[in-house]
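First comes the structure, then the notes that go with it.
The values are calculated or read from the model by the stated rules, or taken from the named source; none is laboratory data. Note that this is a predicted model, so its numbers are computed, not measured. Cβ: placed from backbone, ideal geometry, glycine included. Neighbour counts: every protein chain shown.
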Ligand SMILES: Cc1cc2nc3c(=O)[nH]c(=O)nc-3n(C[C@H](O)[C@H](O)[C@H](O)COP(=O)(O)OP(=O)(O)OC[C@H]3O[C@@H](n4cnc5c(N)ncnc54)[C@H](O)[C@@H]3O)c2cc1C
């Protein structure tokens, strides 16, 4: 039976960053993904590099974290991000009244937010709502969701990590309260294999509870489905957000030659097979028109839905659950040493998620190596295929 120090379950951005981090600390790592790499939430998100401004009023810790990670990604993964800036628009009484507090909260979180005269905002982005009352510039951006994650995969593989896609983890073996390994099934051939390991990282995003259940562990997850709609045409160059407390349909992200409005939030039982609802699409298009009139008149390109891996249980839509990152050491919570679950966060914070869980794994394995993922530029994304 093959042996690795650590098995990572889940080939989204979080799993990729974790595999890279652990490999840099000198550990042998194998990662399993049941589908194609990034086929979970990572490959379907809105594509916004969060400066953190969206969270500044309600969740200053997350706001600060997003800004810090934005600065790091600028160094280590520059070409996977478009640093196109973001414009928050106050278009009603609520937004207008909130503007001073919003700017103060951004600055408190180290986010350089600056109010610009509405006339100037209209010169920068001529399609935005001409009835805008106040406008604030922040350092948001657009992420190439696939390439950013693939740069972490390429860097992990360059450091010796093994990545197996289309391979589902179907069992977790343990003995006397410690993990011993995993059982996997190759999706294409049905072949089942066992791998021995000393630690397992459950980075299965909205499926994390199902993976934990393989080891009879309880992980509180609320899969919260969000829908996005893309229309043809790059209507703005900046990310345009509605200045108000975070809600549905308040961000438009330019992505290549498309403009994407998102998102919505509804609780679902199963994160698989999600489809957009007709009423979500109508709601998003009319919300987009409030920020960019005529958005809905552009040729429709597509609509899709992805599940947020919210860390916590909710009987409602999950809005009250923080987007904060959560690391669960099952040796402490569920009496299974060597199993760690990483949840929550954002695509923007994939690197720090890898760091936080790897810190705990390294400590468990008595490895005295610090995180170094913020120090080096990542390998180009296409090195993944050259090296693996
Ligand atoms: C609607 C929406 C919009 C968003 N917009 C943004 C945004 O604009 N900016 C931003 O920064 N963040 C955004 N996010 C958040 C971001 O998408 C997620 O936080 C991030 O993608 C989660 O990545 P992950 O690797 O943790 O999970 P995932 O990408 O879901 O990866 C988990 C993987 O585990 C695999 N898996 C599950 N079970 C098994 C098993 N048994 N064996 C092997 N593999 C398994 C799955 O196939 C999946 O690929 C958005 C999220 C949603 C839902």
Criterion: under 22 Å from the mean Cα position of the chain (by Cα) and more than 10 Å from the ligand (Cβ to nearest atom) - qualifying residue of 157, 169, 136: 157
Residue 44 being farther than 17 Å from residue 308 by Cβ and surrounded by fewer than 24 Cβ atoms within 10 Å (Cβ to Cβ): no
Unmet requirement for residue 247, which otherwise passes all of (1) in contact with a strand residue (DSSP E or B) (Cβ under 9 Å, 6 or more places away or on another chain); (2) surrounded by fewer than 22 Cβ atoms within 10 Å (Cβ to Cβ); (3) under 18 Å from residue 57 (Cβ atoms): (1)
Condition met for residue 308 (away from the ligand (no atom under 14 Å from the Cβ) and part of a strand (DSSP E or B)): no
Subset tally (residues that are in contact (Cβ under 8 Å) with a residue 60 or more places away in the chain and surrounded by 14 or more Cβ atoms within 10 Å (Cβ to Cβ)) for segment 161-177: 11
Residue within segment 374-387 that is assigned to a helix (DSSP H, G or I) and within 15 Å of the chain's Cα centre (by Cα) present: no
Residue ID - farthest from residue 55 (Cα to Cα), chosen from residues in segment 348-378 that are in contact with a strand residue (DSSP E or B) (Cβ under 7 Å, 6 or more places away or on another chain) and within 14 Å of the ligand (Cβ to nearest atom): 357
Residue 120 under 12 Å from residue 348 (Cβ atoms) and in a helix (DSSP H, G or I): no
Pairs, first farther than 18 Å from residue 37 by Cβ in segment 202-224, second in a loop (DSSP other than H, G, I, E, B) and within 10 Å of the ligand (Cβ to nearest atom), C-beta under 8 Å, six or more apart: 210/204; 223/271; 224/265
Matching residues in segment 76-106 - criterion: being surrounded by fewer than 15 Cβ atoms within 10 Å (Cβ to Cβ) and closer than 14 Å to residue 348 by Cα: 78, 83
Neighbours by Cβ (under 7 Å, 6+ apart or cross-chain): first from segment 264-280, over 12 Å from residue 306 (Cα atoms); second assigned to a loop (DSSP other than H, G, I, E, B) and modelled with pLDDT of 90 or more: 280/264
Residues of segment 328-347 satisfying the condition of being within 12 Å of the ligand (Cβ to nearest atom) and in a strand (DSSP E or B): 341, 342, 343
Complete set of residues in segment 178-187 that are assigned to a strand (DSSP E or B) and within 12 Å of the ligand (Cβ to nearest atom): 182, 183, 184, 185, 186
